[in-house]
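Participant: Shown below is the structure under consideration.
The values are calculated or read from the model by the stated rules, or taken from the named source; none is laboratory data. From a predicted model like this one, the values you see are computed outputs, not experimental measurements. Heavy atoms of the whole protein, side chains included, go into the accessibility calculation; ligands, DNA and RNA do not. Shrake-Rupley method; radii C 1.70, N 1.55, O 1.52, S 1.80 Å.
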Amino acid sequence: MSTAAALASQLKSPIVPFDGIGLCFSGGGYRATFFDLGVISYLNRIHYDGVSLLDRVIAVSSVSGGTLLAVAFAKAAQESNYNFDRFYQSFYT
């Protein structure tokens, strides 16, 4: 299937709100790091169809200060015993 045909097929699929969220964390040193921590904390508290928006994140991109949080979050989220509240406390303190 050509790229154009694959894209056309995807466009015909129904759009599901908040399915596959991507996050991009910008730079700015520690201010950016802790701003981004607030963003993911907020996404963890907001739910759609019983699932937090943070649990719907499938991709993370970052630069500079945002990378400090992005790497820590991506690593923690892959752990079998991942718990956001525990991650937040360990990262924040």
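Participant: Leaving out ligands, DNA and RNA but keeping every protein chain, what accessible area does ASP55 have, in Å² rounded to the nearest 10, with a 1.4 Å probe?
Facilitator: 100 Å²
Participant: So, with a 1.4 angstrom probe, what is the percent of accessible area on the stretch 1-85 that is carbon and sulfur?
Facilitator: Summing carbon and sulfur atoms, their accessible area is 58 percent of the total for the stretch 1-85.
Participant: Looking only at ILE15, ILE46, ILE58, which one moves most when the chain is put into a Gaussian network model with springs between Cα atoms under 10 Å?
Facilitator: For the chain, modelled as a Gaussian network with Cα springs under 10 Å, the answer is ILE15.
Participant: Could you work out how much longer the chain between SER41 and THR93 gets when fully extended? Use 0.36 nm per residue separation minus the Cα distance between them, nm to one decimal.
Facilitator: Extending this stretch completely gives an extra 17.3 nm.
Participant: Can you give the accessible area per residue of the stretch 38-93, in Å², using a 1.4 Å probe?
Facilitator: Accessible area per residue: 65 Å².
Participant: Another question about this same structure. Extent of the stretch 50-93 along each principal axis, from alpha carbon coordinates, in Å, largest to smallest?
Facilitator: Over the stretch 50-93, Cα extents along the principal axes are 32, 25, 17 Å.
Participant: Taking just the C-alpha trace of the chain, give me its Rg and Dmax in Å.
Facilitator: 15.7, 50
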